[in-house]
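The structure appears right after this line, and notes come after that.
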Amino acid sequence: MTRNIYALLVGINNYASGSGVRKLHGCVPDIQTVKEYLTDRIPPENLQLLSLIDEQATRKAVIDAFRDHLCLASSEDTVLFYYAGHGSQEDAPEEFWTIEPDQLNETLVLYDSRSENGLELADKDLAVLIGEVAQKNPHISLILDCCHSGSGSRNLLQEMGERRLPKSTRKRPFESYLVAAGDLNSLKADSRNPEQNPTGWSLPRGRHVLMAACRDHETAKEYPVKNGQRRGAFSRFLLQTLAQANGSLSYRDLFQQANALVRSNVADQSPQLEASIAEDLDLPFLGTGAITPRKPYFTVSHKRELGWVINGGAIHGIGAPAGEETTLLALFPFSSESDPGEEPELQPMGEAQVTAVRPELSQIASSALEDLDPKTILKAVVTAQPLSPMGIKMEAETPADEVGIELVREALLVAGDDQKPSLYVEEKQDQDTDEATFRLIAQDGEYLVTRPTDARPLITQLQGYTPEKAAEAVSNLEHISRWLKVVELQRPNSSRVSSGNLKVEIVQGEGDKETAKTITDPQIRLEYQYNTLTKKWEEPKFRVRVTNKSKETLFCSLLDLTEQFEIDASILPGGSVRLQPGETVWVADGQPLRGIVPKSLWQQGITEYKDILKVIACTTDFDATLMEQGKLGEPLLAMRSASRGGGTLNRLMKRVMTRTISIHGEDEEIYDDWIATQITFTFVRPQEAAVVSAEDSVSLGMGVSLQSHPTLKTKARLTT
């Protein structure tokens, strides 16, 4: 049975004049993108959608929308509340102190909240409203792209766009909240432990799933996208994951992909996933039957003003052409009895290339279409997506630093094979600088590489403006680009390997492999433990097991992607393992893997280190070691040019390959049927470890690798 979806979407860029609230830029685009996704994937008769934008989103309007719109949902329905705007905190009245040890409420700052006599929507108010909606027992999903850090310090991040305001100075009486005195006990969270309640939101015990943009001590950033627009970083990567997924993803799967993308692109922002009942994390996003799976093909038709088009565009995950690369499609007669994506033996009548992408459709070109009657209708299946170069914004701090930037521009033009422009990196000029993924800054005779949202150097600064240093700067950027492409790799829509065909489990604890504890937390955070017997700090240990739940043989690889932009495939001998249908295998024969904070970083005061475990499974054997690369700063071997054609996985393996000789001939097999997913680990090494003796500290200086003592960082089960 298809569920009805009752959605309330609230996005606020512009707050009431005179309120003193800083303008945001990405909240309204976030809501528009969510709306487009819902209307595209949910039948109109099942979607009850209400959007409140800017001045529409007053406190009263939001409360009324909960009570008059969301409360209509019954036990067979789904409720979605999506908020994009400022978050903050306020002093809690004394009545709340028993459930708020810090004596602060977290708040949503609505359009008129900071106007004279205005009020914010506190988490206690939100809890009451959710409780009212829950009376008829619908499935409730909450997504909050905001933050509520009370710090009001001004820095570069605020200028780039943080969804945070300083704590409200108003003193609200208890009577101004929606909660009645007798209902206080119902608002008590199950735990105020920051590891179990990392978002900091105090919500009722009623059944719900919450996705939040960051932990309670972090800030939610806005992220630059095309045409000078900004988006919430969390919303941008969450919707990117949804757009590229064919059919329903579980909350766990959706979060893990979006979480890895946010952490790879934005500093100091860790999205969070919470559920009042842990089993709900494995439910499909928005509940069973809510999202209509997209058919594995697009429809090809002819429009007089545009020519041949497909009914899929940017909101469906179609990538815009990038240089010589573009989305490739296989064309089939519309009369085919089988869907092309479900019948791989069906032979295409030709290939098409996407020439332009609009939000709702894309223009295509193909020699197979030239002589066709314009009234002809065809089917098209995506066979490969473009691997676009990573955009960088280059900045000179002073006129004297311009010479350094010019040297890098010259190096980019000859960084590719045969002295051609770089395949991996391109400069974003003037009006396109908001599309940049990283920044290269020349200042004081040094090259710095930073993210677009802050000025913190990501790698060691290169000193001196010389052609050699400029070439090294480009090499470092290409290294980062290859790493990022692997992080972003997702299952193609045309693959017959579906979500759920591969199960990856993280297991902790000693003893019998089959009975040890399986970690199911969506955020895996492992800490060093002090052994009182050995008087040493010991790295967290865990094991990984993989199960093939499909009906065909899968070849599985595990890649470790570290914060130092390393890609290591050696966790599995030869880079991959062959799994028969129903077969389970323990990685490294069940030996514990170790999560390590490198000693060199720990000595600089860095206590947390993040790794991403990327899991790729394919119906055809493939060489995952072609994706390997060392830590940034190590010399890279010459790269072979990536030819167009083949599947997306093939393209990526050519792009990231660090070898000039391959065992594969020109007629290599195309890897069409594959899936990719990932787990993000955070390893924590307390500074208290400094009390360990110098002799003991030597044993903690292990490198970050996934060989006999691999290193990852998180603790959760992943179902793909």
*Mind checking whether some residue in the range 279-288 is outside any helix (DSSP H, G or I), open to solvent by 10 Å² or more (accessible area, probe 1.4 Å), at pLDDT below 85 and of a type in the set (D, E, K, R)?*
no
*Quick one: which residue in S276, S270 is closer than 20 Å to Y83 by Cα, touching a residue at least 60 places away in the same chain (Cβ under 8 Å) and touching a His at 6+ places or on another chain (Cβ under 9 Å)?*
S276
*With the condition kept exactly as written, say whether any residue in the range 10-31 is farther than 25 Å from L119 by Cα, modelled with pLDDT of 90 or more and of a type in the set (A, V, I, L, M).*
no
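Table: residues versus (1) within 30 Å of the chain's Cα centre (by Cα); (2) open to solvent by 10 Å² or more (accessible area, probe 1.4 Å); (3) among the aliphatic types (A, V, I, L, M).
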residue	(1), (2), (3)
I63	no, yes, yes
C71	no, yes, no
F81	yes, no, no
Q89	yes, yes, no
Q103	no, yes, no
T107	yes, no, no
_So in the range 1-32, with the set limited to residues that are among the aliphatic types (A, V, I, L, M) and farther than 16 Å from L242 by Cβ, which one is most open to solvent (accessible area, probe 1.4 Å)?_
M1
*Which of the residues spanning the range 592-631 are closer than 30 Å to N501 by Cα, part of a helix (DSSP H, G or I) and of a type in the set (G, A, S)?*
A624
*asked:* I'd like to know if the range 39-59 contains one or more residues that are part of a helix (DSSP H, G or I), hydrophobic (A, V, I, L, M, F, W, C) and either more than 28 Å from the chain's Cα centre (by Cα) or closer than 26 Å to F234 by Cα (or both).
replied: no
*asked:* Among the residues of the range 349-369, what is the count of those that are open to solvent by less than 30 Å² (accessible area, probe 1.4 Å), in a strand (DSSP E or B) and among the small types (G, A, S)?
replied: 3
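When you check K35 against the structure, is it open to solvent by 50 Å² or more (accessible area, probe 1.4 Å), of a type outside the set (A, V, I, L, M), closer than 21 Å to V179 by Cα and in a helix (DSSP H, G or I), yes or no? I'd like the intermediate steps shown before the answer.
On the way: open to solvent by 50 Å² or more (accessible area, probe 1.4 Å): yes; of a type outside the set (A, V, I, L, M): yes; closer than 21 Å to V179 by Cα: no; in a helix (DSSP H, G or I): yes.
Here the answer is no, as K35 does not meet what is asked.
If I filter the range 230-256 down to residues being assigned to a helix (DSSP H, G or I) and at pLDDT below 80, which single residue comes out as least open to solvent (accessible area, probe 1.4 Å)? Walk me through it before giving the result.
Filtering the range 230-256 down to residues assigned to a helix (DSSP H, G or I) leaves 233-244, 251-256.
Within this subset, residues satisfying the condition of being at pLDDT below 80 are 243-244.
Numbers: A243: 13, Q244: 55 Å².
Only one residue tops the list, namely A243.
Select, from P592, P573, the only residue that is touching a Phe, Trp or Tyr at 6+ places or on another chain (Cβ under 8 Å) and under 29 Å from F622 (Cα atoms).
Details: P573 fails: touching a Phe, Trp or Tyr at 6+ places or on another chain (Cβ under 8 Å).
The conditions single out P592.
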*Looking at I405, I364, which is the one that is under 22 Å from S475 (Cβ atoms) and either charged (D, E, K, R) or at pLDDT 90 or above (or both)?*
I405
*Output the qualifying pairs, or none if there are none: Cβ atoms under 8 angstrom, residues six or more apart or on different chains, first residue in the range 15-27 and free of Cβ contacts under 8 Å to residues at least 12 places away in the same chain, second residue crowded, with 18+ Cβ neighbours inside 10 Å.*
K23/N13; K23/Y15
*What is the number of the single condition among (1) modelled with pLDDT of 80 or more; (2) at negative phi; (3) more than 24 Å from the chain's Cα centre (by Cα) that K599 does not meet?*
(1)
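Tell me yes or no: at least one residue of the range 135-147 is at pLDDT 85 or above, in a helix (DSSP H, G or I) and either over 17 Å from L178 (Cβ atoms) or open to solvent by 30 Å² or more (accessible area, probe 1.4 Å) (or both). Full working, then the answer.
First, the residues of the range 135-147 that are at pLDDT 85 or above: 135-146.
Pick out the ones that are also in a helix (DSSP H, G or I) and you get 135-136.
Subsequent filtering for residues that are either over 17 Å from L178 (Cβ atoms) or open to solvent by 30 Å² or more (accessible area, probe 1.4 Å) (or both) retains 135-136.
Among the residues of the range 135-147, at least one is at pLDDT 85 or above, in a helix (DSSP H, G or I) and either over 17 Å from L178 (Cβ atoms) or open to solvent by 30 Å² or more (accessible area, probe 1.4 Å) (or both), which makes the answer yes.
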*asked:* Need the failing condition index for E583 against (1) over 27 Å from the mean Cα position of the chain (by Cα); (2) modelled with pLDDT under 80, just the number.
replied: (2)
*Within the range 528-568, track down each residue that is of a type in the set (A, V, I, L, M) and in a strand (DSSP E or B).*
V544, V546, L554, L558, L559, L561, I567
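Kindly indicate the residue of the range 383-418 that is closer than 30 Å to P348 by Cα and in contact with a Gly (Cβ under 8 Å, 6 or more places away or on another chain) and also least open to solvent (accessible area, probe 1.4 Å) among those meeting that condition. Working first, answer last.
Taking the range 383-418 first, the residues closer than 30 Å to P348 by Cα are 383-389.
Now narrow it down to the ones that are in contact with a Gly (Cβ under 8 Å, 6 or more places away or on another chain): 383-386, 388-389.
On the way: T383: 43, A384: 1, Q385: 50, P386: 23, S388: 44, P389: 30 Å².
Once the filter is applied, the top-ranked residue is A384.
Condition test on L554, is it buried (at least 21 other Cβ atoms within 10 Å of the Cβ) and either in contact with a Pro (Cβ under 7 Å, 6 or more places away or on another chain) or at pLDDT 85 or above (or both)?
On the way: buried (at least 21 other Cβ atoms within 10 Å of the Cβ): yes; either in contact with a Pro (Cβ under 7 Å, 6 or more places away or on another chain) or at pLDDT 85 or above (or both): yes.
For L554, the condition - buried (at least 21 other Cβ atoms within 10 Å of the Cβ) and either in contact with a Pro (Cβ under 7 Å, 6 or more places away or on another chain) or at pLDDT 85 or above (or both) - is met.
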*Could you please give the count of residues in the range 459-477 that are open to solvent by 30 Å² or more (accessible area, probe 1.4 Å) and free of Cβ contacts under 8 Å to residues at least 60 places away in the same chain?*
5
_Taking the criterion of being touching a Phe, Trp or Tyr at 6+ places or on another chain (Cβ under 8 Å), under 27 Å from T241 (Cβ atoms) and either at pLDDT 95 or above or assigned to a helix (DSSP H, G or I) (or both), would at least one residue in the range 103-115 satisfy it?_
no
*Quickly run through the range 28-64 and pick out the residues that are touching a residue at least 12 places away in the same chain (Cβ under 8 Å) and of a type in the set (K, R).*
K35, R41, R59
*Determine which single condition S499 fails, assuming it passes every other condition in (1) under 30 Å from V381 (Cβ atoms); (2) at pLDDT 85 or above; (3) open to solvent by 50 Å² or more (accessible area, probe 1.4 Å); (4) not hydrophobic (A, V, I, L, M, F, W, C).*
(2)
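The values are calculated or read from the model by the stated rules, or taken from the named source; none is laboratory data. Keep in mind it's a predicted model, so treat the numbers as computed, not measured. Because the Cβ atoms are built from the backbone with ideal geometry, glycine has one as well, and the counts that use them run over all protein chains shown. Surface accessibility is based on the protein's heavy atoms, side chains included, excluding ligands, DNA and RNA. Shrake-Rupley method; radii C 1.70, N 1.55, O 1.52, S 1.80 Å.
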